[in-house]
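Visitor: Structure below; questions to follow.
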Amino acid sequence: MSRYYDDLETRSADARAAALAQALPLAVSRALSSPGLAAHLGAVEAAQITSLEALATLPVLRKSDLGAAQKAAAPFGGMTTKPAHAFAHIFQSPGPIYEPGDTSADWWRMGRFLHAAGVGKGDIVQNCFGYHLTPAGMIFESGARAVGAAVLPAGTGQTELQVRAAVDVGTTVYAGTPDYLKVILDKATEMGERLAITRAAVGGGALFPSLRAEYAERGISCLQCYATADLGNIAYESPAMEGMIVDEGVIVEIVRPGTGDPVAPGEVGEVVVTSLNPGYPLIRFATGDLSAVLPGVSPCGRTNMRIKGWMGRADQTTKIKGMFVRPEQLAAFVAAHPEVKRARVIATREGEMDAMTVQVETETCEPERYAAGVVEALKLKGKIELVAPGSLPNDGKVIDDQRKYD
């Protein structure tokens, strides 16, 4: 097996920028050919979107936008480049949200991750992702086909049958959520069976270091990916295990939660993804997840941008004194005061009453100057606390609900 999936993984920065300049206008043009995405993007010239800076001028597309569009024009809200019957699969995720799928050219780009995990010809992948309605099972099956591996479509549950099948067919690779492999391994021990699994390709949940270490002790190398039903593979681990490498078929931005504004390098923010999939060209789709860019390139030699992986959820909407407070409201407050670098809302309880403090990163020394702006943006009065620029934690939080509900 070659070290890399293809030459795209080791491109120079100049080569990647040149490819981006060609791919972005085409992706935006495809999006404009679908009524739903065209309505969302508004008046935009696809030919002018040739860089990340230009891309950042376009509006962010959110899950709620997908849901609203699909209710108006089922099943895909007019956001695909061909009609529903022209796709090989139609999936339903909670919401419900409907996603298209196809069987050609590794539709979700999972092959790149499986190759990095050492999966290829001669392997049998026991695919323990669900096949019922949601696309996870087909996402990993498509990737296994792309690298030439056979698939046991095991799905979820029935652990004793999972063990029996793994023994009988000689499963070498597990694909599924991080924790379910342990359930299978423990059941195999209970049954007195020894499995031939040496690699695990996981996603859909947290891979805790202790769990990865336990698998390593059992002789199983475990790597994880970051994927969604809408976008497919977004980023993945390589054997270097230093962050997650962004897939070559998407463009990732890290933005301030509640806005579409890119954050400074290394700052935690919301993951926004542009898909280069010609059938479903989602432009600046907000995942709702928090992450941050890692500097430099991976020691494994893959040169694309790396992110730290999942660091929490960006949707921090909460209710204070009976009023919803949203990240975009705080972003509007910051935008209205050029001297303010960042701000954070802290929700607490004083006695039996909600209390709100707004921490403001600024070099000024007059908290009263921001009182009216806070009320205008958040529709609530609160204590203003001025802090030095750079002093707020780099954790992506703009609303910190510290109230206890137990």
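Visitor: Go through segment 49-80 residue by residue and tally those that are within 14 Å of ALA39 (Cα to Cα), assigned to a helix (DSSP H, G or I) and either touching a helix residue (DSSP H, G or I) at 6+ places or on another chain (Cβ under 8 Å) or in contact (Cβ under 8 Å) with a residue 24 or more places away in the chain (or both).
Guide: Residues meeting the conditions: 4.
Visitor: Could you list, in sequence order, the residues of segment 356-406 that are among the aromatic types (Phe, Trp, Tyr) and either touching a residue at least 60 places away in the same chain (Cβ under 8 Å) or open to solvent by 60 Å² or more (accessible area, probe 1.4 Å) (or both)? Walk me through how you get there before you give the answer.
Guide: So the first thing to find is which residues in segment 356-406 are among the aromatic types (Phe, Trp, Tyr), and the list is 370, 405.
Passing the criteria: only TYR405.
Visitor: Return the only residue of THR80, THR171, THR134 being at pLDDT below 95 and in contact with a strand residue (DSSP E or B) (Cβ under 8 Å, 6 or more places away or on another chain). It would help to see each step written out before you state the result.
Guide: Working: THR80 fails: at pLDDT below 95; THR171 fails: at pLDDT below 95.
Just a single option satisfies the conditions, and that option is THR134.
Visitor: Return the total of residues in segment 2-43 being in a loop (DSSP other than H, G, I, E, B) and either open to solvent by less than 60 Å² (accessible area, probe 1.4 Å) or within 18 Å of ASN277 (Cα to Cα) (or both). Can you show your working first?
Guide: So in segment 2-43, the residues in a loop (DSSP other than H, G, I, E, B) come out as 2-6, 11-12, 33-34, 42-43.
Right, trim to either open to solvent by less than 60 Å² (accessible area, probe 1.4 Å) or within 18 Å of ASN277 (Cα to Cα) (or both) and you get 4, 6, 11, 33-34, 42.
Going through segment 2-43 one residue at a time, the tally reaches 6.
Visitor: With (1) at pLDDT 95 or above; (2) over 19 Å from the mean Cα position of the chain (by Cα); (3) in a strand (DSSP E or B) as the list, and GLU253 as the residue in question, which single condition is left unmet?
Guide: (2)
The rows are residues; the columns are (1) open to solvent by 10 Å² or more (accessible area, probe 1.4 Å); (2) part of a loop (DSSP other than H, G, I, E, B); (3) more than 20 Å from VAL202 (Cβ to Cβ); (4) charged (D, E, K, R).
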| site | (1), (2), (3), (4) |
| --- | --- |
| ALA227 | yes, no, no, no |
| ALA264 | yes, yes, yes, no |
| VAL271 | no, no, no, no |
| TRP310 | yes, yes, no, no |
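Visitor: When segment 150-181 is examined, which residues are found to be within 16 Å of VAL125 (Cα to Cα) and open to solvent by 60 Å² or more (accessible area, probe 1.4 Å)?
Guide: Residues satisfying the conditions are PRO153, THR156, LEU161, ARG164, ASP168, VAL169.
Visitor: How many residues does segment 366-390 contain that are closer than 19 Å to ALA335 by Cα and either in contact with a Leu (Cβ under 9 Å, 6 or more places away or on another chain) or not in a helix (DSSP H, G or I) (or both)? I'd like the intermediate steps shown before the answer.
Guide: From segment 366-390, those closer than 19 Å to ALA335 by Cα are 366-382, 384-390; that's our starting set.
Those left that are additionally either in contact with a Leu (Cβ under 9 Å, 6 or more places away or on another chain) or not in a helix (DSSP H, G or I) (or both): 366-367, 370, 374, 377-382, 384-390.
Qualifying residue count for the region: 17.
Visitor: Could you check, for segment 326-349, whether at least one of its residues is more than 21 Å from GLU267 (Cβ to Cβ), among the charged types (D, E, K, R) and assigned to a loop (DSSP other than H, G, I, E, B)?
Guide: Scanning segment 326-349, I find no residue that is more than 21 Å from GLU267 (Cβ to Cβ), among the charged types (D, E, K, R) and assigned to a loop (DSSP other than H, G, I, E, B), so the answer is no.
Visitor: Quick one: what pairs do we get from segment 319-342, first residue farther than 18 Å from GLY260 by Cα, second of a type in the set (Lys, Arg), C-beta under 6 Å, 6+ apart or different chains?
Guide: MET323/LYS379
Visitor: Taking only pairs six or more apart or across chains, which ones have beta-carbon atoms under 8 Å, a first residue in segment 288-316 that is of a type in the set (Ser, Thr, Tyr) and at pLDDT 95 or above, and a second residue that is open to solvent by 20 Å² or more (accessible area, probe 1.4 Å) and outside any loop (DSSP other than H, G, I, E, B)?
Guide: Within 8 Å, the pairs are THR303/THR10; THR303/ALA13; THR303/ARG16.
Residue-wise test of (1) under 30 Å from LEU8 (Cβ atoms); (2) acidic (Asp, Glu); (3) at pLDDT 90 or above; (4) out of contact with any strand residue (DSSP E or B) (no Cβ under 6 Å at 6 or more places or on another chain).
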residue: LYS319; (1), (2), (3), (4): no, no, no, yes
residue: ALA347; (1), (2), (3), (4): no, no, yes, no
residue: VAL360; (1), (2), (3), (4): no, no, yes, no
residue: LEU378; (1), (2), (3), (4): no, no, yes, no
residue: PRO389; (1), (2), (3), (4): no, no, yes, no
residue: LYS397; (1), (2), (3), (4): no, no, no, yes
residue: ASP401; (1), (2), (3), (4): no, yes, no, no
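Visitor: Does segment 323-343 contain at least one residue that is over 30 Å from the mean Cα position of the chain (by Cα) and open to solvent by 40 Å² or more (accessible area, probe 1.4 Å)? Give the steps one after another, and end with the answer.
Guide: Looking only at segment 323-343, we keep the residues that are over 30 Å from the mean Cα position of the chain (by Cα), and these are 337-339.
Still in the running and open to solvent by 40 Å² or more (accessible area, probe 1.4 Å): 338-339.
Checked segment 323-343: at least one residue is over 30 Å from the mean Cα position of the chain (by Cα) and open to solvent by 40 Å² or more (accessible area, probe 1.4 Å).
Visitor: Just for segment 186-218: of the residues that are in a loop (DSSP other than H, G, I, E, B) and touching a helix residue (DSSP H, G or I) at 6+ places or on another chain (Cβ under 6 Å), which one is surrounded by the most Cβ atoms within 10 Å (Cβ to Cβ)? If you could, list the steps in order and put the result at the bottom.
Guide: The first filter runs over segment 186-218 and keeps only residues in a loop (DSSP other than H, G, I, E, B), leaving 192-198, 203-208, 218.
This time we only want the ones that are touching a helix residue (DSSP H, G or I) at 6+ places or on another chain (Cβ under 6 Å), so: 193, 195.
Working: GLU193: 14, LEU195: 23.
The residue in question is LEU195.
The values are calculated or read from the model by the stated rules, or taken from the named source; none is laboratory data. Since the model is a prediction, treat every value here as computed from it, not as a measurement. Cβ sites come from the backbone with ideal geometry, for glycine too, and all protein chains shown count toward neighbours. These area figures cover heavy atoms from the full protein model, side chains too; ligands, DNA and RNA do not enter into them. Shrake-Rupley method; radii C 1.70, N 1.55, O 1.52, S 1.80 Å.
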